[in-house]
Amino acid sequence: MSNEKIKAELEKYEAAVAKAIEKTPERKHLPEQRLYTPLDVKGVEAYTDEIGFPGQYPFTRGVQPTMYRGRFWTMRMYAGFSTAKASNERYRYLIANGGTGLSCAFDLPTQIGYDSDDPISEGEVGKVGVAIDSLADMEVLFDQIDLGKVSTSMTINAPASVLLAMYIAVAEEQGVPADQLRGTIQNDILKEYAARGTYIFPPKPSMRIITNIFEYCSKNVPKWNTISISGYHIREAGSTASQEIAFTIADGIAYVDAAIKAGMDVDDFAGRLSFFWNAHNNVLEEVAKFRASRRVWAKVMKERFGAKKPKSMMLRVHTQTAGSMLTAQQPNNNIIRVALQTAAAVMGGTQSLHTNSRDEALALPTQESVTIALRTQQIVANESGLADVIDPLAGSYYVEAMTDRIEKEAWDYIKKIDELGGAVAAIEKGYIQKEIQDSAYKWQMDVENKRRIIVGVNEYTMEEEPPKGLLKVDASVGIEQCKKLADLKAGKPINKMTKGRDNEAVKAALAELKEACKKDESENLMPHILKAVKTYATLGEICNVMREVFGLYEAHVSL
Amino acid sequence: MENIADEVLKGNRLALAKAITAIENERENATEIMQQLYPHTGNAYVLGITGPPGAGKSTLTDKLAKEFRSRGKTVGIIAIDPTSPFSGGAILGDRIRMNDLAMDEGVFIRSMGTRGSLGGLSHKTADAVKVMDAFGVDVIFVETVGVGQSEVDIVKAADTTMVVLIPGMGDDIQAIKAGILEIGDIFTINKADHDGADKLQTELNMMLDLDGVMKDWRPPILKAVANQNIGITEVVDTFHKHREHIEANGQLTVRRTERAKNEMLDLLDAKIGQYVRHKLVDSGKIDKFVEDIKARKTDPYTVVNGVMESMLK
Amino acid sequence: MDKIRVLVAKPGLDGHDRGAKVVARALRDAGFEVIYTGLRQTPEQIAQAAADEDVNVVAMSILSGAHPHLFPKVVNLVREKGMKDTLIIGGGVIPEGDIPALKQAGIAEVFTPGTPTTAIVDFIKANVK
């Protein structure tokens, strides 16, 4: 059928719509365009360049040839709270119930490189994740878990090098060589500056640490994903779908630039870069976002950086359902939201997925809630049919048009950020933060003015009993952790240690690390950190040495 | 608090905060407070920091304050941000850059919004400076976005004024140059590690050359990278140099005399204006006048002359 | 009438400031002067800023679960500075069950997820001294 004929028919349709609207006006606050037709998408001749086949450039349809027909995505539940012992129990429960990868949540002092006994840690120990002060805690965290078999994702950024070193050390104790380790460290400092807030050092030394990790892992831990370039938190901070992928890919460009500048070959590390997307409420827009992001990254890697290996051009992604979309009101409704978000992530072709629990707008999830969240993934995988055919929404006029639109919006932002001098400069100027905040404010006002309806929040509300049985981390965790730490620092044996740490060896290792920090980026910090970690130097001790040399990041806030 | 001014003079920090609030809100007791404090002012050295948005003024002020602290001086900071003309609200975010500084007992930071009336603001700022001065602070920074006449007025409260610029501002510098050349005793190019710092320095030099007026103080153009603590001691040294210079040649006395005169006249203008307005509005005469003017029965000039005659004799 | 001044603060280590920033903007749009302190503020820093800025309201946001410890500490320190009338409010991921204890400790009101910003504005207008 020719375009002319479609256009003619479309005009007839529009006339009919005009009449229908007269009778029954449309609802308010809808997207402008009500219907998509072949006129909204590129012709068949663009298919191979823009859409192509799964496992092939530009990877719009997915990064593997068979996708979930081979095996499902990794069902990776983010967990961790209180002590290493309590988290270890939760991990083993998840593995026993069909979870296929671990995902560690650390408490805020750990994420910002402070020991549990630091005054600034007061009230925060063990709250949003597990408290890790030293290798001793890490040994307990992975007790009876074979690190040669699981893949472990660690949400750790500014001190990622230290936690990775601890993981390598625990594996070594288990007899698992580093080159067998599989997993991911988040290690994405740029989105910490822009959206998540757990930064320590200024951009320059932070980028150095990151490229040091890239280089170390490419030689010693080759199966490890050295970074998870994260849009998740940018979206949680309030961005739109296009902004989520645009700012994240701009961050990705900055990391690749830094690594190349440090003398690495793009194809030596690009295959280990991974991404992290948010699965938000608007199902079809989310599917389009996943597809557009793969296409943009593939083009960036091929055209901008001249990558040769297909693996270097693949945007492999972990996904988490949108925490900020969960409501404290009528919390069981969150199960439905998470199910829809899961469907979006699966139709979008994610490589792994964490599903949020219904009670997370209220507190950390209980075991029962976590089980429902995991079951949600299993239902989508096994019962819905969504995982049976690859990229099932391709060819939908709407989804293809939206994929094109999101891609274009992303390119526009990337261009703007390039003009500002790249992602680091754009963050230092507050540009990215401002864009995110503007979107967040608009969203909030849309909800308050009911341009956007959230069930149970601004419509369909009801009186409710306060929810019962929420998980609570009590203050004794902090006290217990501090006591353990005092023993460790005093050289007393803790956990299964047969003798206490040698404080002289700790001091020497820290002094050595400090000297290494002072040298330029060709001095890789990883071996020095690994050495310090093995003496049971604490996370705080190690990060303090680095703080002394590198200084602290001063946030740019623009409101 | 029984007597705010007494408490300020005793060194009560909360009283200092409350006194500034009274001034900001033009509370009834504000005049009384200022009357009590005035004899105890004139000891602090007042530094004006101005420049375009994004020049890093707050970060620079933070570092300069730390440098003054390390030289044994106590510091007060008044950080001014614009009030939204639509809502009357403001976000005062300068403190973010000074959070660790704020825990130093020898430092007092106060954020102020411009709150509409600009003439009012310069007068309020000047009073807030005096309260800090009477409290016993050695060095007072007045930090404000420098884009217009209002800021120039505010900066008149300062003994030494520094203009902060950054490279890569493009044509912006052209737009503001007229104003800044006059008020800058010192120019600092912040973020001098960015491209274009040398070019900006050359441009500024050329503009100062073109300025033409023979001066015995040629404003130095300094470079700094505030967030890396680079160039900070030089800026503070230059502040000292400028102060010594204007003390030696009598300029400081001239400036302060001029300021005292202007402040008094401004106050007089404001008070007389207020007084006359009150009378006109309270008596209801205003409506009749306006009507007559509108109907061209009389004109505003005649009315004002008449009002002056009857009220101020 | 005096202009209402509000200190919006993020105590503790939690970096999620979407809520705090949205609230800061909404308060600005309601005509208040908002002093925003940024992330990772200690209770001591917040109390000092509240006193020096002579604010009418201290509004804090915590999503990490550290509120039972940090909120009461800020109340005590602000009162110790002599700020007897300052309205102190909190928000974030705060379980219903924790609220009575926080109010007992001097937090005037606790705003949980889903609260419209207008509710915060109205509360401040009705309760500020």
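The values are calculated or read from the model by the stated rules, or taken from the named source; none is laboratory data. Keep in mind that this is a model prediction, so the values were computed, not measured. All Cβ positions, glycine included, derive from the backbone under ideal geometry; neighbour counts span all protein chains shown.
Summary table below
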| item | result |
| --- | --- |
| Single residue of C:Phe71, C:Phe111 found to be within 14 Å of chain A (Cβ to nearest Cβ), among the aromatic types (Phe, Trp, Tyr) and within 24 Å of A:Ser121 (Cβ to Cβ) | C:Phe71 |
| One residue from B:Asn29, B:Asn25 being outside the structural domain of B:Pro167 (by TED's automatic domain parsing), within 19 Å of the chain's Cα centre (by Cα) and either under 26 Å from C:Gly31 (Cα atoms) or modelled with pLDDT of 95 or more (or both) | B:Asn25 |
| Among (1) more than 12 Å from chain A (Cβ to nearest Cβ); (2) polar (S, T, N, Q); (3) buried (at least 24 other Cβ atoms within 10 Å of the Cβ) - the single one C:Thr37 does not satisfy | (1) |
| Test: B:Lys297 is at pLDDT 90 or above, out of contact with any helix residue (DSSP H, G or I) (no Cβ under 7 Å at 6 or more places or on another chain) and either among the small types (Gly, Ala, Ser) or not in a helix (DSSP H, G or I) (or both) | yes |
| Single residue of region C:74-98 satisfying the filter (part of a helix (DSSP H, G or I) and facing chain A (nearest Cβ under 8 Å)) that is farthest from A:Ala475 (Cα to Cα) | C:Glu96 |
| Some residue of region A:65-72 being over 20 Å from the mean Cα position of the chain (by Cα), aliphatic (A, V, I, L, M) and modelled with pLDDT of 90 or more | yes |
| Which listed residue, of C:Ala24, C:Ala50, is out of contact with any Gly (no Cβ under 8 Å at 6 or more places or on another chain), within 9 Å of another protein chain (Cβ to nearest Cβ) and without any contact (Cβ under 8 Å) to a residue 60 or more places away in the chain | C:Ala24 |
| Helices (runs of 4 or more DSSP H) contained entirely in region A:377-475, each with at least 2 residues that are of a type in the set (Asp, Glu), more than 19 Å from A:Arg235 (Cβ to Cβ) and out of contact with any Pro (no Cβ under 7 Å at 6 or more places or on another chain) | A:397-419 |
| Subset of region C:5-21 that is among the charged types (D, E, K, R) and at the interface with chain A (Cβ under 7 Å from one of its Cβ atoms) - its residue that is surrounded by the fewest Cβ atoms within 10 Å (Cβ to Cβ) | C:Arg18 |
| Which listed residue is out of contact with any Asp or Glu (no Cβ under 9 Å at 6 or more places or on another chain) and at the interface with another protein chain (Cβ under 8 Å from one of its Cβ atoms), from C:Gly31, C:Gly65, C:Gly106 | C:Gly31 |
| Subset of region A:176-193 [among the β-branched types (Val, Ile, Thr) and under 30 Å from A:Gln433 (Cα atoms)] | A:Thr184, A:Ile185, A:Ile189 |
| Counted residues, region C:99-117 - those being assigned to a helix (DSSP H, G or I) and out of contact with any Lys or Arg (no Cβ under 9 Å at 6 or more places or on another chain) | 6 |
| Count - residues of region A:440-456 that are surrounded by 20 or more Cβ atoms within 10 Å (Cβ to Cβ) and either closer than 23 Å to A:Arg27 by Cα or more than 10 Å from every other protein chain (Cβ to nearest Cβ) (or both) | 1 |
| The lone exception for B:Ala79 - which of (1) within 14 Å of chain C (Cβ to nearest Cβ); (2) within 21 Å of B:Ile33 (Cα to Cα); (3) modelled with pLDDT of 90 or more it fails | (2) |
| First in region A:462-479 and at the interface with chain C (Cβ under 10 Å from one of its Cβ atoms), second anywhere and of a type in the set (S, T, N, Q), Cβ under 8 Å, 6 or more apart | A:Glu464/A:Gln329; A:Glu464/A:Gln330; A:Leu470/A:Thr366; A:Leu471/A:Thr366; A:Val473/A:Ser82; A:Gly478/A:Ser116; A:Gly478/A:Ser121 |
| Residue selected from region A:352-371 under the condition touching a residue at least 60 places away in the same chain (Cβ under 8 Å) and of a type in the set (S, T, N, Q), by the criterion nearest to A:Arg90 (Cα to Cα) | A:Gln367 |
| Residue that is nearest to the other protein chains (Cβ to nearest Cβ) [pool: residues in region A:90-129 that are among the hydroxyl-bearing types (Ser, Thr, Tyr), under 21 Å from A:Trp224 (Cβ atoms) and outside any loop (DSSP other than H, G, I, E, B)] | A:Thr110 |
| Tally, over region B:262-293, of residues that are at pLDDT 85 or above and polar (S, T, N, Q) | 1 |
| Residue match in region A:247-260 (condition: out of contact with any Leu (no Cβ under 8 Å at 6 or more places or on another chain), of a type in the set (Gly, Ala, Ser), buried (at least 23 other Cβ atoms within 10 Å of the Cβ) and under 16 Å from A:Ala410 (Cα atoms)) | yes |
| Matching residues in region A:231-246 - criterion: being hydroxyl-bearing (Ser, Thr, Tyr), within 20 Å of A:Trp411 (Cβ to Cβ) and not in a loop (DSSP other than H, G, I, E, B) | A:Ser242 |
| Residues of region A:476-501 classified as part of a loop (DSSP other than H, G, I, E, B) and surrounded by fewer than 17 Cβ atoms within 10 Å (Cβ to Cβ), total | 10 |
| Residue within region A:372-382 that is touching a residue at least 24 places away in the same chain (Cβ under 8 Å), surrounded by fewer than 22 Cβ atoms within 10 Å (Cβ to Cβ) and within 30 Å of A:Glu192 (Cβ to Cβ) present | yes |
| Within region B:262-287, considering residues that are of a type outside the set (Val, Ile, Thr) and surrounded by 13 or more Cβ atoms within 10 Å (Cβ to Cβ), the one farthest from B:Lys124 (Cα to Cα) | B:Lys285 |
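Here's the yes/no breakdown for (1) more than 14 Å from every other protein chain (Cβ to nearest Cβ); (2) farther than 21 Å from C:Lys21 by Cβ:
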site	(1), (2)
B:Thr31	yes, yes
B:Asn43	yes, yes
B:Ala55	no, yes
B:Thr61	no, yes
B:Leu64	yes, yes
B:Thr83	no, no
B:Leu92	no, no
B:Leu121	no, yes
B:Asp127	yes, yes
